[in-house]
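The values are calculated or read from the model by the stated rules, or taken from the named source; none is laboratory data. This structure is a prediction, so every number in the text was calculated from the model and none was measured. Glycine also receives a Cβ, built like all others from the backbone with ideal geometry; neighbour counts cover every protein chain displayed. Side chains are part of the model used for accessible areas, which takes the heavy atoms of the whole protein and leaves out ligands, DNA and RNA. Shrake-Rupley method; radii C 1.70, N 1.55, O 1.52, S 1.80 Å.
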Amino acid sequence: MSNIKTLASCIFCKIVKGEIPSFKLMETDSILAFMDIGPIARGHCLVIPKYHAEKLADLPEDQMADILPALAKIAKAAGNEDYNILQNNGRPAHQQVDHVHFHYIPKPSADDKEGLGVGWPAQNLSMDEIKKIYEEVKGKLE
Ligand code: 5GP
Ligand code: ZN
């Protein structure tokens, strides 16, 4: 676990260090995948970087490489036709554990009984308004 930053008080860092148990699905040098203990669907699991970072933007790029392949491998192996990959950042955005994590959440049916329910408050913006926002975001990326 060289170059892996951990935080003593973090529940997911404790899982990484084996200080608390988990149902481990996959492990590489930089990620761990395990079952979620509060699943919202059968097969709900998590992929986390071992490196402690609170939000995605805090995670060093060299700790990201294994995350998407792990999620894809789990999705292929699990074989659910429909599923969501979810990554929450901040309390208003439903983040409860302050260590970056990606949810793999099967969506077995269209109703809200199992799996992710998503509110989608589409904003009614004109093309001019979208262009203005685009220029703002693009400017920050340059
Ligand atoms: P968030 O709302 O932060 O995106 O999701 C945190 C997830 O972590 C929840 O789905 C919750 O059930 C799960 N979780 C919280 N504590 C533990 C734990 O100690 N072990 C495991 N395996 N999952 C946990
Ligand atoms: Zn942590």
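For the chain, set up a Gaussian network in which alpha carbons nearer than 10 Å are linked by springs, and say which option among PRO92, PRO60, PRO69 fluctuates the most.
Highest fluctuation of the listed residues: PRO92.
Springs between alpha-carbon pairs under 10 angstrom, Gaussian network model over the chain: which of PHE12, PHE34, PHE23 fluctuates most?
The residue that fluctuates most here is PHE23.
What Rg and what Dmax come out for region 2-142 when only alpha-carbon atoms are used, in angstroms?
17.3, 53
Given a 1.4 Å probe and the protein chains all in place, what does the accessible area of VAL100 round to, in Å² to the nearest 10?
It works out to around 0 Å².
What is the set of long-range amide H partners of ALA53 at a cut-off below 5 Å, with H atoms built 1.01 Å from backbone N?
Here the answer is VAL100, since their amide H atoms fall under 5 Å of that of ALA53.
Which of GLU27, GLU114, GLU61 moves most in a GNM of the chain, Cα contacts under 10 Å?
Most flexible of the set in this elastic network: GLU61.
What number, rounded to the nearest 500 deg cm²/dmol, is the helix-based mean residue ellipticity at 222 nm of the chain, given -39500 (n - 2.57) per DSSP H run of at least four residues and division by all its residues?
On the way: 3 runs with 33 residues, N = 142.
Mean residue ellipticity at 222 nm (helix-derived): -7000 deg cm²/dmol.
Just the accessible area per residue of region 11-141, please: how many Å² with a 1.4 Å probe? Show your work: numbers first, answer last.
Values: 8670 Å² over 131 residues.
Spelled out: the 1.4 Å probe surface of region 11-141, per residue, equals 66 Å².
Short version: ³J(HN,Hα) in whole Hz for each residue of region 42-49, in order, from phi by Karplus 6.51 cos²θ - 1.76 cosθ + 1.60 (θ = phi - 60°), x for Gly and Pro, what are they?
5, x, 4, 9, 10, 10, 10, x
Which pairs break 18 Å Cα to Cα here: LYS5/LYS55; LYS24/LYS50; LYS55/LYS138; LYS17/LYS55?
Numbers: LYS5/LYS55 14 Å; LYS24/LYS50 13 Å; LYS55/LYS138 22 Å; LYS17/LYS55 20 Å.
Correct reply: LYS55/LYS138; LYS17/LYS55.
Among the lysines, which fall within straight-line cross-link reach of LYS113, defined as a Cα-Cα distance under 24 Å, with same-chain neighbours fewer than 8 residues apart omitted?
Straight-distance partners of LYS113: LYS76.
Quick one: dipole size for the chain, taken about the Cα centre, charges +1 on Lys/Arg Cβ and -1 on Asp/Glu Cβ, in debye to the nearest 20. Show your work: numbers first, answer last.
Numbers: 16 positive and 20 negative charges, 65 e Å.
Approximately 300 debye in magnitude.
Name the long-range amide H neighbours of TYR83: under 5 Å, sequence gap of 5 or more, or other chain; modelled H, no Pro or chain starts.
LYS107
Under 5 Å between amide H atoms, partner at least 5 residues away or on a different chain: which partners does CYS45 have, H built in plane at 1.01 Å?
The answer is ASP36, TYR104.
Apply the Karplus curve 6.51 cos²θ - 1.76 cosθ + 1.60, θ = phi - 60°, to the phi angles in region 74-84 and return the couplings in whole Hz, x for Gly and Pro.
Per residue, the Karplus-derived 3J(HN,Hα) values read 4, 4, 5, 5, 5, x, 5, 5, 10, 6, 10 Hz.
For ASN124 and ALA78 in the same chain, what is the full-extension length gain: residue separation times 0.36 nm, less their Cα-Cα distance, in nm?
Details: separation 46, 0.36 × 46 = 16.56 nm, distance 3.75 nm.
Difference between extended and current length: 12.8 nm.
With all pairs of different alpha carbon atoms counted, what Kirkwood hydrodynamic radius in Å does region 62-104 show? Kindly include the intermediate steps, with their values, before the conclusion.
Working: mean 1/r = 0.0856 Å⁻¹.
It is 11.7 Å.
Using a 1.4 angstrom probe on heavy atoms only, work out the carbon and sulfur share of the accessible area of region 11-141 in %. Numbers along the way, then the final one.
Details: 4840 of 8670 Å².
The C+S portion of the solvent-accessible surface of region 11-141 is 56 percent.
Which whole-number percent is the relative contact order of region 11-141 (Cα, under 8 Å, 6+ apart)? Intermediate values should be presented prior to the final figure.
Working: 174 pairs, mean separation 29.8, N = 131.
Relative contact order, region 11-141: 23 percent.
Round to the nearest 10 and give me the degree value, 0 to 90, for the angle of helix 127-141's Cα axis relative to the longest principal axis of the chain.
It is inclined by approximately 50 degrees.
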